[in-house]
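Only one structure is covered here, and it is reproduced in the block below.
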Amino acid sequence: MNSPNNRIRIFDTSLRDGEQSPGFTMSGAQKIAFAHALAELGVDVIEAGFPNSSPADYSAVQTIARDVRGASIAALARCHEGDIEACARALERAESPRIHVFISSSPLHRQYKLNMSREQVIEHAIMGVTLARKHVDDVEFSAEDAFRTERDFLVELFNAAVATGATTLNVPDTVGYATPDEIRELFRYLRANVQGADGVVFSAHCHNDLGLAVANSLAAIEGGARQVECTINGIGERAGNAALEELVMALKVRQGWYGVDTGITTPKLLDTSRLLSRITGIQVQRNKAIVGLNAFAHESGIHQHGMLKNRDTYEIMHPQDVGWPASQLVLGRHSGRAAVADRLRALGHVLDDAQLDLVIAQAKALTHTQHVVSDADLLRLVAGDHGDTGWRIASMSLIDEGQHTRAHVELSDPDGHRVKQDASGDGPIAALFAALAKAAGVDFELESYEVHSMGIGRDARGEANLSARIGGETFSGQGTSRDVLEASAIAWLEVANRLLRSYAMQRVPAFA
Ligand SMILES: [Zn+2]
């Protein structure tokens with residue numbers, strides 16, 4: 001057995017395994033935007049979807065294959081002719097297309113899912129790989145639930161796949177049951193026993209049911225895997241897949257131990273993670289490794305003292321390595337010009353004096369309705385999304401009426417229009433959103449609504465993130481304030497304003 005090379009292929013399945021899990025559904029346009037971000041991040045393979053599962057998935061895969069360059073585009077198929085033909089058609093215009101065929105291999109799946117014998121499973125695998133190879137040179141074969149499959153049968157199945165032209169063999173721990181030692185040993189066994197092992201790439205696909213997905217993927221690499229399947233933020237079925245950002249940084253920070261490289265541009269990790277959160281409306285937990293808000297925060301006095309003398313005392317990597325600015329600063333009403341300029345520079349924007357004046361004026365205007373101006377607010381201002389084309393909150397109040405709460409809101413727009421409305425609801429949030437809907441003249445059902453507290457004591461702020469799905473598109477809003485109700489109202493209005501702007505844009509052709 002030759003030793004495999006040292007380049008690990010990063011196969012991202014956020015758009016397939018991730019997207020198919022509850023709460024992470026994306027529209028076609030969002031999938032395409034995210035696929036572009038993955039290509040820029042430097043992933044080797046983007047699994048864009050399962051074309052035969054729905055016309056929408058088919059068309060998303062087709063557009064990604066046509067437009068996204070710099071990564072292989074993979075599409076998933078069962079060992080069925082219809083699935084494989086759909087992949088081939090959807091991938092027609094891809095720069096480097098890959099068809100990923102799979103069939104269940106474990107005794108449990110053979111009996112209860114497929115009702116097939118070992119021989120029948122092998123026959124289907126041979127049919128699937130052969131047909132896929134008629135269309136593309138790059139064929140990945142997955143034995144679903146491989147980890148719980150008898151070893152002799154797994155070798156037999158992989159032998160058949162290699163003999164018929166599979167170029168990547170994927171070994172999923174579909175149910176997240178394995179431990180690192182077992183996975184390492186399984187990969188060593190397969191590399192030693194599958195015929196033609198040296199000519200194919202072995203791939204790990206680990207689920208996180210026991211919180212071991214990243215550890216198991218790293219162990220698979222030690223065992224000889226040279227492709228790992230993962231997702232941004234670890235999204236995926238049930239407890240998710242291995243988190244790409246954690247896996248990649250473990251390989252990078254511990255390069256001396258693993259001795260392998262990836263093609264990932266790690267300073268883009270944070271932006272990619274945040275793009276996914278914005279698209280799905282689901283934030284990562286604060287203490288999430290690499291991309292959580294606390295990942296590089298040093299609060300305790302003892303830690304800060306050490307950090308000031310030498311960052312290595314408590315830091316194994318630099319925040320900038322994964323895309324964080326060197327430090328986080330909360331801009332309040334009294335922050336000066338230099339602080340804003342510094343903060344913008346840290347976020348990657350160097351502005352001339354006139355531009356800086358404009359952003360500062362807009363940021364100051366924001367502080368009338370919110371306590372602090374966050375990085376997200378600043379980035380929005382720089383991008384020219386001033387929020388000054390829609391409604392803003394002039395005032396709001398809530399009255400507890402026993403069984404109900406009554407909310408009074410007053411909105412203003414840049415032309416000086418003001419509108420007052422009130423509404424009652426079962427609780428403060430219901431009352432507030434109902435009053436806002438009456439005042440803004442637009443209503444929608446929320447798809448997600450989350451409130452986070454940031455900081456403690458006098459500096460505590462609430463951050464609200466919400467999203468609504470209207471006409472197949474997701475509109476997200478974010479608000480920050482000392483008061484979580486106000487943060488929620490700001491976030492709600494941001495969605496309303498975006499929706500109103502999109503209506504206005506849609507109306508234009510009617511006048512032309
Ligand atoms: Zn999976």
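Between GLN403 and GLU81, what is the FRET efficiency for a Förster distance of 41 Å, r being their Cβ-Cβ separation, to the nearest 0.05?
Efficiency, from the Cβ-Cβ distance: 0.10.
Relative to the longest principal axis of the chain, what angle (0 to 90°, nearest 10) does the C-alpha long axis of helix 118-135 take?
Relative to the chain, helix 118-135 is tipped by roughly 70 degrees.
Beta carbons within 10 angstrom, averaged per residue: use that to sort the peptides 39-45, 66-72, 231-237, highest first.
231-237, 39-45, 66-72
Within the range 159-191, whose backbone N sits under 20 Å from a point 7 Å along Cα→Cβ of MET116?
Once the point is set 7 Å along Cα→Cβ of MET116, 159-175 turn out to lie under 20 Å by backbone N, inside the range 159-191.
Angle, helix 81-90 long axis vs. longest principal axis of the chain, Cα atoms, 0 to 90°, nearest 10?
50
Which three extents, in angstrom, do the Cα atoms of the range 1-134 have along their principal axes, listed largest first?
43, 42, 31
Kindly express, to the nearest 10 degrees and within the range 0 to 90, the angle between helix 353-366's C-alpha long axis and the longest C-alpha principal axis of the chain.
Approximately 80 degrees, to the nearest ten.
Got a sec? What order do LEU190, LEU108 fall in by accessible area at 1.4 Å, biggest, i.e. largest, first?
LEU108, LEU190
Hey, quick one: spin label on ARG151, modelled 7 Å out along Cα-Cβ, who in the range 173-203 has an amide N within reach, i.e. under 14 Å?
181-194
Leaving ligands, DNA and RNA out of it, work out the accessible area of TYR58 with a 1.4 Å probe and give it in Å² to the nearest 10.
Counting only protein heavy atoms, TYR58 exposes about 50 Å² to solvent.
Please compute the length gained on full extension between GLU473 and GLU95, using 0.36 nm multiplied by the number of residues separating them and subtracting their Cα-Cα distance.
Using 0.36 nm per residue and subtracting the Cα-Cα distance, I get 133.3 nm.
Between ASP422 and ARG66, what is the label-to-label distance in nm when each label sits 7 Å out along the Cα-to-Cβ direction?
5.5
Given a 1.4 Å probe and the protein chains all in place, what does the accessible area of GLU486 round to, in Å² to the nearest 10?
In the full protein context, GLU486 sits at about 50 Å².
Rounded to two decimals, what ratio of Rg to Rh does the range 392-511 give with C-alpha atoms and a Kirkwood Rh?
Dividing the radius of gyration by the Kirkwood radius yields 1.00.
Classify the chain as rounded, prolate or oblate from the Cα gyration tensor: take a ≥ b ≥ c as the square roots of its eigenvalues, call it rounded if a/c is under 1.5, otherwise prolate when a/b beats b/c and oblate if not.
Cα axes put the chain in the prolate bin.
From largest accessible area down, sort LYS364, LYS420; use a 1.4 Å probe on the protein chains.
These residues rank, largest area first, as LYS420, LYS364.
Provide the solvent-accessible area of SER502, counting protein heavy atoms only and rolling a 1.4 Å probe, rounded to the nearest 10 Å².
Only protein atoms counted, so the area is about 20 Å².
Go through ILE399, LEU91, VAL373 and say which Cα lies farthest out towards the positive end of the charge dipole of the chain; charges sit on Cβ, +1 for Lys and Arg, -1 for Asp and Glu.
VAL373
So what is the calculated 222 nm ellipticity per residue for the chain, using -39500 (n - 2.57) for each DSSP H run with n of 4 or more, over all residues, to the nearest 500 deg cm²/dmol? List each step's numbers first, then the result.
Values: 16 runs with 200 residues, N = 512.
So the helix-based figure for the chain works out to -12500 deg cm²/dmol.
Please get the size of the charge dipole for the chain, origin at its Cα centre, with Cβ charges of +1 on Lys and Arg and -1 on Asp and Glu, quoted in debye to the nearest 20.
Details: 49 positive and 65 negative charges, 131 e Å.
So the dipole magnitude of the chain works out to roughly 620 debye.
Distances longer than 28 Å among the Cα atoms of the range 9-280: what percent of all pairs is that?
Values: 10310 of 36856 pairs.
For the range 9-280, the fraction of Cα-Cα distances above 28 Å is 28 percent.
What FRET efficiency, computed as 1/(1 + (r/R0)^6) with R0 = 56 Å and r the Cβ-Cβ distance, is obtained for ARG482 and ASP261, rounded to the nearest 0.05?
0.75
The values are calculated or read from the model by the stated rules, or taken from the named source; none is laboratory data. Note that the structure is a prediction, hence the values are computed from the model and not measured. FYI the Cβ positions are ideal-geometry reconstructions off the backbone, even for glycines, and counts take in every protein chain you see. Only protein heavy atoms, including side chains, enter the accessible area calculation; ligands, DNA and RNA are left aside. Shrake-Rupley method; radii C 1.70, N 1.55, O 1.52, S 1.80 Å.
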